[in-house]
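Take a look at the structure below.
The values are calculated or read from the model by the stated rules, or taken from the named source; none is laboratory data. Computed from a predicted structure; not experimentally measured. Please note: Cβ atoms are built from the backbone with ideal geometry, for glycine as well, and neighbour counts cover all protein chains shown. For accessibility, only protein heavy atoms count, side chains too; no ligands or nucleic acids. Shrake-Rupley method; radii C 1.70, N 1.55, O 1.52, S 1.80 Å.
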Amino acid sequence: MERLVYLDHAATTPMRPEAVEAMLPFLTERYANPSGAHRFARDARRAVDEARDEVAAVIGCRPGEVVFTGCGTESDNTAITGAVSRVGGRALCPAAEHHAVLHVVERLGGIVVGVDAAGRVDLDALADALDDTVAVVSVMAVNNEVGTINDLAAVSALVRERAPRALLHTDAVQASCWLDLRTLWPQVDLLALSGHKFGGPKGVGVLAVREGTPVDPLIVGGGQERDRRSGTHNVAGIVALAVALAATDAERPAETRRIAELRARLVGGLLAQLDGVRETVPPELKVAGSAHVMFEDIENEALLYLLDEAGVCASAASACSSGAMDPSHVLAAMGVERSWAGGALRMTLGRTTTAEEVDLAVEAVVDAVRNLRARGRTPVAP
Ligand code: PLP
(Lines give C-alpha, C1' and ligand atoms only; values in the text may rest on other atoms or scores of the structure.)
Protein backbone atom coordinates (compact mmCIF):
# COMPACT_ATOMS: atom_id res chain seq x y z
CA MET A 1 0.00 0.00 0.00
CA GLU A 2 1.17 3.55 -0.75
CA ARG A 3 2.52 5.42 2.25
CA LEU A 4 -0.13 7.61 3.82
CA VAL A 5 0.15 10.29 6.45
CA TYR A 6 -2.44 8.98 8.87
CA LEU A 7 -3.88 11.76 11.04
CA ASP A 8 -7.23 10.17 11.89
CA HIS A 9 -6.44 8.34 15.14
CA ALA A 10 -9.71 9.52 16.71
CA ALA A 11 -11.58 7.59 13.99
CA THR A 12 -9.57 4.46 14.58
CA THR A 13 -6.02 3.45 15.48
CA PRO A 14 -3.66 0.95 13.88
CA MET A 15 -3.57 -2.20 15.98
CA ARG A 16 -0.59 -2.66 18.26
CA PRO A 17 1.57 -5.59 17.12
CA GLU A 18 1.45 -7.14 20.61
CA ALA A 19 -2.37 -7.05 20.49
CA VAL A 20 -2.43 -8.79 17.09
CA GLU A 21 -0.05 -11.42 18.42
CA ALA A 22 -2.15 -11.94 21.55
CA MET A 23 -5.36 -12.52 19.62
CA LEU A 24 -4.08 -14.93 16.97
CA PRO A 25 -4.09 -18.12 19.10
CA PHE A 26 -7.78 -17.52 19.90
CA LEU A 27 -8.59 -17.31 16.19
CA THR A 28 -6.72 -20.55 15.50
CA GLU A 29 -6.01 -23.36 17.96
CA ARG A 30 -7.60 -21.92 21.16
CA TYR A 31 -11.06 -21.43 19.64
CA ALA A 32 -13.25 -22.84 22.43
CA ASN A 33 -16.39 -21.15 23.73
CA PRO A 34 -15.59 -19.90 27.26
CA SER A 35 -19.10 -20.76 28.48
CA GLY A 36 -18.49 -24.50 28.04
CA ALA A 37 -17.73 -27.00 30.83
CA HIS A 38 -14.71 -28.86 29.43
CA ARG A 39 -11.04 -28.08 29.88
CA PHE A 40 -10.77 -26.52 26.44
CA ALA A 41 -13.56 -24.09 27.36
CA ARG A 42 -11.89 -23.42 30.71
CA ASP A 43 -8.74 -22.35 28.86
CA ALA A 44 -10.73 -19.72 26.94
CA ARG A 45 -12.53 -18.65 30.12
CA ARG A 46 -9.21 -18.17 31.89
CA ALA A 47 -8.05 -15.91 29.03
CA VAL A 48 -11.22 -13.78 29.36
CA ASP A 49 -10.80 -13.61 33.15
CA GLU A 50 -7.17 -12.53 32.84
CA ALA A 51 -8.19 -9.87 30.32
CA ARG A 52 -10.88 -8.68 32.75
CA ASP A 53 -8.26 -8.34 35.52
CA GLU A 54 -5.97 -6.33 33.24
CA VAL A 55 -8.75 -3.99 32.11
CA ALA A 56 -9.94 -3.50 35.69
CA ALA A 57 -6.41 -2.56 36.79
CA VAL A 58 -6.24 0.19 34.14
CA ILE A 59 -9.70 1.60 34.98
CA GLY A 60 -9.12 1.23 38.72
CA CYS A 61 -12.34 -0.74 39.16
CA ARG A 62 -12.99 -4.31 40.35
CA PRO A 63 -12.73 -7.12 37.79
CA GLY A 64 -16.40 -7.95 38.43
CA GLU A 65 -17.33 -4.43 37.34
CA VAL A 66 -15.95 -4.93 33.80
CA VAL A 67 -18.53 -5.92 31.17
CA PHE A 68 -17.23 -6.78 27.69
CA THR A 69 -19.45 -5.49 24.87
CA GLY A 70 -19.41 -5.39 21.08
CA CYS A 71 -18.26 -1.73 20.71
CA GLY A 72 -18.25 1.70 22.30
CA THR A 73 -21.65 2.44 20.78
CA GLU A 74 -23.15 -0.61 22.47
CA SER A 75 -21.60 0.39 25.81
CA ASP A 76 -23.13 3.88 25.58
CA ASN A 77 -26.52 2.51 24.49
CA THR A 78 -26.52 0.00 27.33
CA ALA A 79 -25.64 2.56 29.99
CA ILE A 80 -28.37 5.02 29.02
CA THR A 81 -31.17 2.72 27.86
CA GLY A 82 -30.41 0.24 30.62
CA ALA A 83 -30.59 2.88 33.35
CA VAL A 84 -33.85 4.39 32.10
CA SER A 85 -35.40 0.96 31.66
CA ARG A 86 -34.45 -0.20 35.17
CA VAL A 87 -34.83 3.00 37.22
CA GLY A 88 -37.48 4.91 35.23
CA GLY A 89 -37.04 8.62 34.58
CA ARG A 90 -35.32 10.79 32.05
CA ALA A 91 -31.90 10.69 30.38
CA LEU A 92 -29.79 13.83 30.08
CA CYS A 93 -26.69 14.73 28.06
CA PRO A 94 -24.90 17.78 26.64
CA ALA A 95 -25.41 18.77 22.99
CA ALA A 96 -21.82 17.98 21.95
CA GLU A 97 -21.94 14.26 22.79
CA HIS A 98 -21.11 11.58 20.21
CA HIS A 99 -24.22 10.32 18.43
CA ALA A 100 -23.85 7.02 20.30
CA VAL A 101 -25.10 9.00 23.32
CA LEU A 102 -27.00 11.93 21.80
CA HIS A 103 -29.27 9.85 19.59
CA VAL A 104 -30.11 7.51 22.46
CA VAL A 105 -31.06 10.39 24.75
CA GLU A 106 -33.13 11.98 21.96
CA ARG A 107 -34.88 8.69 21.18
CA LEU A 108 -35.83 8.34 24.84
CA GLY A 109 -37.28 11.88 24.83
CA GLY A 110 -34.55 13.04 27.22
CA ILE A 111 -33.01 16.42 27.99
CA VAL A 112 -30.16 17.94 25.97
CA VAL A 113 -28.27 20.79 27.66
CA GLY A 114 -25.92 23.34 26.12
CA VAL A 115 -22.12 23.51 26.03
CA ASP A 116 -19.71 26.44 26.27
CA ALA A 117 -17.57 27.84 23.45
CA ALA A 118 -14.96 25.10 24.04
CA GLY A 119 -17.54 22.29 23.93
CA ARG A 120 -17.64 21.62 27.69
CA VAL A 121 -21.00 20.98 29.30
CA ASP A 122 -22.48 24.24 30.56
CA LEU A 123 -22.54 23.62 34.32
CA ASP A 124 -25.25 26.23 34.99
CA ALA A 125 -27.53 24.69 32.36
CA LEU A 126 -26.78 21.26 33.81
CA ALA A 127 -27.60 22.43 37.34
CA ASP A 128 -30.91 23.90 36.13
CA ALA A 129 -31.91 20.70 34.34
CA LEU A 130 -31.11 18.30 37.19
CA ASP A 131 -33.94 17.10 39.43
CA ASP A 132 -35.30 13.85 40.81
CA THR A 133 -36.93 12.91 37.50
CA VAL A 134 -33.47 12.35 35.96
CA ALA A 135 -32.44 8.69 35.84
CA VAL A 136 -29.11 8.98 34.04
CA VAL A 137 -26.70 11.74 33.05
CA SER A 138 -24.14 11.05 30.33
CA VAL A 139 -21.18 13.40 29.88
CA MET A 140 -18.25 12.47 27.69
CA ALA A 141 -14.76 12.61 29.19
CA VAL A 142 -13.20 13.88 25.93
CA ASN A 143 -14.95 15.19 22.83
CA ASN A 144 -14.22 13.13 19.73
CA GLU A 145 -14.35 16.05 17.35
CA VAL A 146 -12.54 18.94 19.03
CA GLY A 147 -10.69 17.06 21.80
CA THR A 148 -12.06 19.11 24.72
CA ILE A 149 -11.88 17.57 28.21
CA ASN A 150 -14.97 17.83 30.45
CA ASP A 151 -14.50 18.45 34.16
CA LEU A 152 -16.09 15.22 35.39
CA ALA A 153 -15.38 16.01 39.05
CA ALA A 154 -17.49 19.19 38.76
CA VAL A 155 -20.20 17.32 36.82
CA SER A 156 -20.23 14.54 39.40
CA ALA A 157 -20.53 16.95 42.33
CA LEU A 158 -23.51 18.67 40.69
CA VAL A 159 -25.27 15.42 39.80
CA ARG A 160 -24.79 13.96 43.31
CA GLU A 161 -26.12 17.15 44.90
CA ARG A 162 -29.05 17.96 42.60
CA ALA A 163 -30.15 14.53 41.37
CA PRO A 164 -28.89 12.00 43.93
CA ARG A 165 -31.01 9.26 42.33
CA ALA A 166 -29.40 9.69 38.89
CA LEU A 167 -26.64 7.48 37.55
CA LEU A 168 -23.63 9.19 35.96
CA HIS A 169 -22.21 7.67 32.80
CA THR A 170 -19.12 8.82 30.92
CA ASP A 171 -18.22 7.98 27.35
CA ALA A 172 -14.44 7.68 27.83
CA VAL A 173 -13.84 6.31 24.32
CA GLN A 174 -11.60 9.24 23.34
CA ALA A 175 -9.97 9.52 26.77
CA SER A 176 -8.19 6.17 26.92
CA CYS A 177 -5.01 7.27 25.12
CA TRP A 178 -4.62 10.57 26.93
CA LEU A 179 -6.15 10.52 30.43
CA ASP A 180 -5.54 8.22 33.39
CA LEU A 181 -8.85 6.36 33.59
CA ARG A 182 -8.26 5.80 37.34
CA THR A 183 -8.91 9.52 37.85
CA LEU A 184 -12.25 9.33 35.99
CA TRP A 185 -13.72 6.17 37.50
CA PRO A 186 -14.27 7.52 41.07
CA GLN A 187 -16.51 10.26 39.60
CA VAL A 188 -18.95 8.01 37.72
CA ASP A 189 -21.12 4.89 37.92
CA LEU A 190 -20.64 3.77 34.33
CA LEU A 191 -17.74 4.21 31.89
CA ALA A 192 -17.51 3.20 28.20
CA LEU A 193 -14.39 2.27 26.19
CA SER A 194 -13.85 1.04 22.64
CA GLY A 195 -11.00 -1.34 21.71
CA HIS A 196 -10.13 0.15 18.33
CA LYS A 197 -9.40 3.61 19.71
CA PHE A 198 -6.28 2.47 21.58
CA GLY A 199 -4.58 -0.08 19.35
CA GLY A 200 -7.00 -2.94 19.94
CA PRO A 201 -9.34 -4.52 17.40
CA LYS A 202 -12.67 -3.19 16.14
CA GLY A 203 -15.87 -4.80 17.36
CA VAL A 204 -15.07 -5.04 21.07
CA GLY A 205 -15.77 -2.59 23.87
CA VAL A 206 -16.04 -2.26 27.63
CA LEU A 207 -18.73 -0.94 29.92
CA ALA A 208 -17.51 -0.58 33.49
CA VAL A 209 -20.55 -0.84 35.79
CA ARG A 210 -20.04 0.05 39.43
CA GLU A 211 -21.15 -2.80 41.71
CA GLY A 212 -24.83 -2.44 42.60
CA THR A 213 -25.62 0.03 39.77
CA PRO A 214 -29.13 -0.70 38.51
CA VAL A 215 -28.87 -1.13 34.71
CA ASP A 216 -30.87 -3.50 32.51
CA PRO A 217 -28.98 -5.36 29.79
CA LEU A 218 -29.48 -4.25 26.20
CA ILE A 219 -28.86 -7.75 24.85
CA VAL A 220 -30.46 -10.72 26.56
CA GLY A 221 -30.00 -14.40 25.83
CA GLY A 222 -27.42 -16.82 27.22
CA GLY A 223 -26.69 -14.74 30.33
CA GLN A 224 -22.98 -14.16 29.73
CA GLU A 225 -21.19 -11.39 31.63
CA ARG A 226 -23.32 -12.15 34.73
CA ASP A 227 -26.50 -11.42 32.76
CA ARG A 228 -25.28 -7.93 31.90
CA ARG A 229 -24.46 -8.69 28.24
CA SER A 230 -25.47 -11.91 26.54
CA GLY A 231 -23.74 -13.32 23.48
CA THR A 232 -20.78 -15.66 23.05
CA HIS A 233 -17.60 -13.86 24.09
CA ASN A 234 -15.33 -12.44 21.40
CA VAL A 235 -12.37 -14.09 23.14
CA ALA A 236 -9.71 -13.01 20.64
CA GLY A 237 -11.00 -9.44 20.67
CA ILE A 238 -11.23 -9.29 24.45
CA VAL A 239 -7.69 -10.63 24.92
CA ALA A 240 -6.29 -8.17 22.37
CA LEU A 241 -8.23 -5.24 23.87
CA ALA A 242 -6.73 -5.93 27.29
CA VAL A 243 -3.17 -6.14 25.94
CA ALA A 244 -3.63 -2.90 23.99
CA LEU A 245 -5.16 -1.08 26.96
CA ALA A 246 -2.39 -2.14 29.34
CA ALA A 247 0.31 -1.03 26.88
CA THR A 248 -1.49 2.28 26.24
CA ASP A 249 -1.73 2.89 29.98
CA ALA A 250 1.98 2.12 30.53
CA GLU A 251 3.12 4.41 27.71
CA ARG A 252 0.58 7.20 28.30
CA PRO A 253 2.74 9.72 30.25
CA ALA A 254 5.62 9.64 27.73
CA GLU A 255 3.33 9.45 24.70
CA THR A 256 1.27 12.40 25.90
CA ARG A 257 4.40 14.56 26.11
CA ARG A 258 5.69 13.43 22.72
CA ILE A 259 2.37 13.89 20.95
CA ALA A 260 1.70 17.29 22.58
CA GLU A 261 4.95 18.52 20.99
CA LEU A 262 3.99 17.14 17.60
CA ARG A 263 0.53 18.68 17.85
CA ALA A 264 2.12 22.08 18.65
CA ARG A 265 4.39 21.67 15.62
CA LEU A 266 1.40 20.86 13.40
CA VAL A 267 -0.89 23.66 14.52
CA GLY A 268 1.99 26.12 14.90
CA GLY A 269 3.12 25.38 11.33
CA LEU A 270 -0.33 26.14 9.96
CA LEU A 271 -0.86 29.31 12.01
CA ALA A 272 2.58 30.61 10.97
CA GLN A 273 2.06 30.10 7.24
CA LEU A 274 -1.61 30.84 6.66
CA ASP A 275 -4.01 33.72 7.30
CA GLY A 276 -7.66 33.15 8.07
CA VAL A 277 -7.04 30.12 10.25
CA ARG A 278 -7.74 29.60 13.94
CA GLU A 279 -7.39 26.84 16.49
CA THR A 280 -10.90 25.84 17.54
CA VAL A 281 -10.15 25.09 21.22
CA PRO A 282 -7.07 26.29 23.16
CA PRO A 283 -4.60 23.42 23.70
CA GLU A 284 -4.76 23.62 27.50
CA LEU A 285 -8.45 22.61 27.40
CA LYS A 286 -7.97 19.50 25.29
CA VAL A 287 -6.12 16.22 24.93
CA ALA A 288 -2.68 16.02 23.33
CA GLY A 289 -3.70 14.00 20.28
CA SER A 290 -6.27 16.40 18.89
CA ALA A 291 -5.50 19.17 16.40
CA HIS A 292 -8.67 20.93 15.29
CA VAL A 293 -8.44 24.06 13.18
CA MET A 294 -10.84 26.09 11.07
CA PHE A 295 -10.13 27.95 7.84
CA GLU A 296 -12.29 30.93 7.00
CA ASP A 297 -14.31 30.65 3.81
CA ILE A 298 -13.01 27.20 2.87
CA GLU A 299 -15.27 24.23 2.17
CA ASN A 300 -13.75 21.34 4.06
CA GLU A 301 -15.12 18.86 1.54
CA ALA A 302 -12.82 20.35 -1.11
CA LEU A 303 -9.96 20.58 1.39
CA LEU A 304 -10.29 16.93 2.40
CA TYR A 305 -10.36 15.94 -1.27
CA LEU A 306 -7.04 17.71 -1.92
CA LEU A 307 -5.51 16.27 1.25
CA ASP A 308 -6.61 12.81 0.22
CA GLU A 309 -4.96 13.36 -3.18
CA ALA A 310 -1.77 14.30 -1.30
CA GLY A 311 -1.98 11.11 0.78
CA VAL A 312 -3.03 12.82 4.04
CA CYS A 313 -5.86 11.15 5.96
CA ALA A 314 -7.77 13.68 8.08
CA SER A 315 -11.42 14.37 8.71
CA ALA A 316 -13.95 17.17 8.98
CA ALA A 317 -16.65 16.28 11.45
CA SER A 318 -16.35 12.98 13.25
CA ALA A 319 -15.80 10.12 10.81
CA CYS A 320 -18.23 8.07 12.85
CA SER A 321 -21.09 9.99 11.26
CA SER A 322 -20.06 8.08 8.13
CA GLY A 323 -18.33 10.63 5.98
CA ALA A 324 -21.32 12.97 5.99
CA MET A 325 -20.30 16.57 5.40
CA ASP A 326 -23.25 18.12 7.21
CA PRO A 327 -22.25 20.98 9.48
CA SER A 328 -20.97 19.49 12.70
CA HIS A 329 -23.48 19.36 15.56
CA VAL A 330 -20.54 19.89 17.94
CA LEU A 331 -19.39 23.15 16.35
CA ALA A 332 -23.01 24.32 16.09
CA ALA A 333 -23.50 23.63 19.82
CA MET A 334 -20.30 25.59 20.56
CA GLY A 335 -21.75 28.56 18.67
CA VAL A 336 -19.14 28.59 15.89
CA GLU A 337 -20.21 30.75 12.91
CA ARG A 338 -21.10 28.86 9.73
CA SER A 339 -18.38 30.65 7.71
CA TRP A 340 -15.74 29.09 9.99
CA ALA A 341 -17.44 25.78 10.79
CA GLY A 342 -17.60 24.87 7.08
CA GLY A 343 -13.81 24.98 6.97
CA ALA A 344 -13.18 22.77 10.00
CA LEU A 345 -10.37 20.24 9.82
CA ARG A 346 -9.73 17.53 12.42
CA MET A 347 -6.28 15.95 12.48
CA THR A 348 -5.76 13.45 15.25
CA LEU A 349 -2.34 12.11 16.18
CA GLY A 350 -1.39 8.87 17.85
CA ARG A 351 1.18 6.22 18.64
CA THR A 352 2.51 5.88 15.08
CA THR A 353 2.67 9.64 14.30
CA THR A 354 6.14 11.02 13.52
CA ALA A 355 7.62 14.51 13.10
CA GLU A 356 8.20 13.74 9.43
CA GLU A 357 4.49 13.00 8.96
CA VAL A 358 3.55 16.20 10.74
CA ASP A 359 5.81 18.24 8.43
CA LEU A 360 4.33 16.55 5.36
CA ALA A 361 0.84 17.30 6.65
CA VAL A 362 1.64 20.98 7.26
CA GLU A 363 2.98 21.29 3.72
CA ALA A 364 -0.05 19.52 2.22
CA VAL A 365 -2.60 21.58 4.18
CA VAL A 366 -0.85 24.88 3.38
CA ASP A 367 -0.73 23.96 -0.34
CA ALA A 368 -4.36 22.85 -0.39
CA VAL A 369 -5.68 25.95 1.39
CA ARG A 370 -3.65 28.30 -0.85
CA ASN A 371 -4.83 26.40 -3.89
CA LEU A 372 -8.50 26.65 -2.87
CA ARG A 373 -8.22 30.31 -2.01
CA ALA A 374 -6.49 31.08 -5.33
CA ARG A 375 -9.25 29.24 -7.19
CA GLY A 376 -11.88 31.13 -5.27
CA ARG A 377 -10.39 34.43 -6.41
CA THR A 378 -9.72 33.38 -10.03
CA PRO A 379 -12.65 33.97 -12.36
CA VAL A 380 -13.65 30.70 -13.98
CA ALA A 381 -12.90 30.72 -17.76
CA PRO A 382 -16.07 30.66 -19.87
N1 PLP B 1 -18.01 7.53 21.55
C2 PLP B 1 -17.04 8.31 21.05
C3 PLP B 1 -16.63 9.54 21.77
C4 PLP B 1 -16.41 7.95 19.84
O5 PLP B 1 -15.45 8.72 19.34
C6 PLP B 1 -16.83 6.76 19.19
C7 PLP B 1 -16.27 6.37 17.88
O8 PLP B 1 -15.81 7.14 17.13
C9 PLP B 1 -17.83 5.97 19.78
C10 PLP B 1 -18.39 6.39 20.96
C11 PLP B 1 -18.29 4.71 19.15
O12 PLP B 1 -17.36 3.66 19.36
P13 PLP B 1 -17.43 2.36 18.43
O14 PLP B 1 -16.80 2.75 17.13
O15 PLP B 1 -16.63 1.33 19.15
O16 PLP B 1 -18.84 1.97 18.30
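Taken along its principal axes, the alpha carbon cloud of region 1-69 reaches lengths of 48, 32, 18 Å, longest axis first.
About the Cα centre, and with charges only on the beta carbon of Lys, Arg (+1) and Asp, Glu (-1), how big is the dipole of region 182-231? Nearest 20 debye, please. Mind dumping the intermediate values first?
Working: 7 positive and 5 negative charges, 51 e Å.
For region 182-231, the charge dipole is close to 240 debye.
DSSP assigns beta bridges within the chain; of those with both partners inside it, close to 60 percent run antiparallel. Roughly how many whole Å is it from the C-alpha centroid of region 1-30 to that of region 337-379? Taking the Cα centre of region 337-379 as reference, the centre of region 1-30 is 27 Å away.
From largest to smallest, the equivalent ellipsoid semi-axes obtained for region 223-319 from the alpha-carbon gyration tensor read 36, 19, 13 Å.
Net charge dipole, the chain: roughly 780 debye, given to the nearest 20, about the Cα centre with Cβ charges of +1 for Lys and Arg and -1 for Asp and Glu. In the chain, the portion of solvent-accessible area held by carbon and sulfur atoms comes to 53 percent [1.4 Å probe, whole percent, DNA, RNA and ligands not counted]. Note on region 164-253: Rg/Rh from C-alpha atoms, Kirkwood Rh, equals 0.98.
In this rough spin-label picture, where each label sits 7 Å from Cα along the Cβ direction, the Ser339-Glu309 distance is 2.6 nm. Arg62 exposes around 140 Å² of accessible area when a 1.4 Å probe is run over every protein chain in place. Extension gain, Ala154-Arg39: 0.36 nm per intervening residue step, less the Cα-Cα distance, totals 36.5 nm. Charge tally around Gly195: other residues with Cβ under 12 Å, Lys/Arg +1 each, Asp/Glu -1 each, net +2. Per-residue accessible area (protein heavy atoms, 1.4 Å probe) orders Glu21, Glu301 as Glu21, Glu301, starting from the largest.
The mean sequence separation of alpha-carbon pairs under 8 Å and at least six residues apart, normalised by the residue count of the chain, gives a relative contact order of 22 percent.
Would you mind working out the accessible area per residue for the chain, using a 1.4 Å probe, and quoting it in Å²?
That works out to 41 Å² per residue.
May I ask you to compute the full-extension gain from Asp359 to Asp275, defined as 0.36 nm times their residue separation minus their alpha-carbon distance, rounded to one decimal in nm?
Net length gain for the segment: 28.4 nm.
Between the listed residues Val330, Ala236, Gly268, the Cα displaced farthest toward the positive end of the dipole of region 227-368, a dipole computed from Cβ unit charges relative to the Cα centre, is found at Ala236. Note on the chain: dipole from Cβ charges, positive end direction compared against Leu130, Ala364, Gly64; the farthest Cα belongs to Gly64. Once the Cα atoms are used to define both axes, helix 355-377 deviates from the longest principal axis of the chain by about 50 degrees. Would you compute, from DSSP H runs of 4+ residues alone, the mean residue ellipticity of the chain at 222 nm, taking -39500 (n - 2.57) per run and dividing by the full residue count, rounded to the nearest 500? Helices in the chain give a 222 nm mean residue ellipticity of -13500 deg cm²/dmol. Taking the Cα centre of region 1-142 as reference, the dipole from Cβ charges on Lys and Arg (+1) and Asp and Glu (-1) amounts to some 640 debye.
Hydrodynamic radius of the chain by the Kirkwood approach over all distinct alpha-carbon pairs: 21.6 Å. Ranked from largest to smallest solvent-accessible area, with a 1.4 Å probe on the protein heavy atoms, His233, His38, His9 come out as His38, His233, His9.
Distances over 15 Å make up what percent of all Cα-Cα pairs in region 92-158?
46
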